[in-house]
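Written out below as structure tokens is the structure these notes cover.
Nothing in this text is a laboratory measurement; each read-out follows from the coordinates by a stated rule. Note that the structure is a prediction, hence the values are computed from the model and not measured. Don't worry about glycine lacking a Cβ; one is built from the backbone with ideal geometry, like all the others, and counts go over all protein chains shown.
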């Protein structure tokens with residue numbers, strides 16, 4: 001079963017605009033990660049935010065995490081055509097150490113119109 | 001520095017057959033995880049290997065098995081293939097930490 005739910009399922013915006021995607025999850029987490037996938041290929045890691053962090057930035061990406069609401073958002077600023085892809089949030093729970101298996105949502109398909 | 005590699009890229013099998021997929025982790029990584037991604041869905045966690053043992057397992061039947069070798073590379077085996085096993089199989093590696101780096105995947109088609 002999938003823990004995360006991304007919203008919206010699909011998003012189409014003009015190049016240069018900002019894109020915001022949301023993710024909700026159900027159980028307690030150790031960290032939450034965002035990945036990008038182009039045309040059914042491998043996933044590219046974008047950013048990781050830990051459960052004790054509230055906001056993180058990486059280039060044009062900004063991620064927030066609200067553990068009380070069990071939700072996260074990914075903001076891509078000044079979008080480019082190359083940002084067209086599917087975006088997934090993935091959560092990792094607590095275990096005896098090391099990297100847990102990730103639980104993914106169904107993804108948001110982002111289309112950037114030139 | 002090579003990233004995560006997987007082989008083969010594509011594979012076509014028939015129902016009932018067995019398949020083996022291979023993964024080489026990123027240099028310096030010791031943990032390998034496998035995921036199944038059906039069309040239009042997010043990846044689903046199959047299992048994770050660390051120090052040549054299965055450390056975690058998702059909700060997949062025993063037809064799915066794996067192995068990790070001393071050089072940290074890994075294999076995913078699926079027996080008695082079903083049509084529903086058609087999917088993109090992704091391997092990810094990590095080093096005792098949180099970030100998992102994914103390979104390009106193996107596209108399996110079961111006819």
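Put simply, the C-alpha atoms of chain A give a gyration tensor, and the ellipsoid matching it has half-axes of 24, 14, 12 Å, longest first.
As a proxy for reagent exposure, B:88, A:74 were ordered by neighbouring Cβ count within 10 angstrom, fewest first; the result is B:88, A:74.
Within the range B:24-54, what residues put their amide N at less than 14 Å from the label point 7 Å along the Cα-to-Cβ vector of residue A:27? Residues B:45-46 qualify, since their backbone N sits under 14 Å from the label point.
What's the whole-number percent of alpha carbon pairs in the range A:1-59 lying beyond 13 angstrom? Counting every Cα pair in the range A:1-59, those more than 13 Å apart make up 74 percent. Sorting B:93, A:86, B:27 from the fewest to the most surrounding beta carbons within 10 angstrom yields B:27, A:86, B:93. Peptide B:37-46 shows a mean partner chain C-beta count of 6 within 10 Å per residue C-beta. One way to sum up the overall shape of chain B is the equivalent ellipsoid from its Cα gyration tensor, whose semi-axes run 22, 14, 13 Å, largest first.
Please report the relative contact order for chain A, taking Cα pairs under 8 Å with a sequence separation of at least 6, and give it as a percent rounded to a whole number.
With pairs under 8 Å counted, the relative contact order is 38 percent.
Just want the ordering: B:74, B:65, from fewest to most Cβ atoms lying within 10 Å of their own Cβ.
Fewest to most other Cβ atoms nearby, the residues stand as B:65, B:74.
Can you classify the protein assembly as shown as rounded, prolate or oblate using the Cα gyration tensor, where a ≥ b ≥ c are the square roots of its eigenvalues, rounded means a/c under 1.5, and otherwise it's prolate if a/b beats b/c and oblate if not?
Prolate shape, in that a/c is at least 1.5 and a/b is the bigger ratio.
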